[in-house]
Amino acid sequence: MFYEIVATLVSAFVGAGLVLALNKLTGGRLPKWAMPVGAGLAMIVTTVATEYAWYDRTKEILPEGMTVVMEVENKSLYRPWTYVVPFVERFVALDEQSLRTHQAQPALRMVDLLFMGRWSAPERMVVLGNCDTGQRAPLIDAVEFDASGQVKGVDWVKVPEDDAILAAICKLEVTS
């Protein structure tokens, strides 16, 4: 975020400098308000560009084995250009290497999910998916596993058949 602020301030100086150069080329014919407008427009363009570039930059630096399974796009009134081209404001990544199963319950799969947001700290959550019933549940402290792999204290959530998170969990190959 610090670098984005620096880039925005630098772009303001560049925008003002371009207007200053244009003013010199035109023999001083530009109005006095042109320089702050040029600086402001440069800052807006830089801010919009960093908003759109965040997702691709963040996705590229995910560790190996992390797969993006869901994206949340943003559209808002105070950013009218987002109605034309929405930007990804947050996403969910699945840690494929965190897959855990029990031999007696192969349909139950436990994985780590990483929730990434543009203006929030990353959060990790352990999720249990049941590939047979189409359910998933966040694992909390009250959950217990017995020796046969049965789970107690889980609040299962029935998800739609096209749920991207459960589909990604169930596609993972179980290695023994």
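The values are calculated or read from the model by the stated rules, or taken from the named source; none is laboratory data. None of these values were measured; they are calculated from a predicted model. Please note: Cβ atoms are built from the backbone with ideal geometry, for glycine as well, and neighbour counts cover all protein chains shown.
Brief remarks follow.
- Checking each residue in region 90-135 for being over 22 Å from ARG57 (Cβ atoms) and β-branched (Val, Ile, Thr) picks out THR101, VAL111, VAL126, VAL127, THR133.
- Strands (runs of 3 or more DSSP E) completely within region 99-138 that count 2 or more residues being without any contact (Cβ under 8 Å) to a residue 40 or more places away in the chain, at negative phi and among the polar types (S, T, N, Q): 120-130
- Just one residue in the set THR47, THR82 is of a type outside the set (A, V, I, L, M), more than 21 Å from THR175 (Cα to Cα) and not assigned by TED's automatic domain parsing to the domain that holds LEU128; that residue is THR47.
- Output for region 46-55, where each listed residue is touching a Ser or Thr at 6+ places or on another chain (Cβ under 8 Å) and modelled with pLDDT of 95 or more: THR46
- For region 27-64, the tally of residues that are closer than 30 Å to LEU166 by Cα and over 16 Å from the mean Cα position of the chain (by Cα) stands at 1.
- Taking the criterion of being of a type in the set (D, E, K, R) and more than 22 Å from the chain's Cα centre (by Cα), the residues of region 89-135 that qualify are ARG100, ARG109, ASP132.
- Pick from region 56-91, criterion surrounded by 13 or more Cβ atoms within 10 Å (Cβ to Cβ) and among the basic types (Lys, Arg), ranking: modelled with the lowest pLDDT: ARG79
- Scanning region 89-136 for residues that are more than 16 Å from LYS152 (Cα to Cα) and of a type in the set (D, E, K, R) returns GLU89, ARG90, ASP95, GLU96, ARG100, ASP112, ARG118, GLU123, ARG124, ASP132.
- Checked against the criterion of being in contact with a Gly (Cβ under 8 Å, 6 or more places away or on another chain), buried (at least 17 other Cβ atoms within 10 Å of the Cβ) and either assigned by TED's automatic domain parsing to the domain that holds VAL45 or closer than 26 Å to TYR55 by Cα (or both), region 122-133 has no qualifying residue.
- For region 50-97, the set of residues classified as among the charged types (D, E, K, R) and not in a strand (DSSP E or B) consists of GLU51, ASP56, ARG57, LYS59, GLU60, GLU64, LYS75, listed by residue number.
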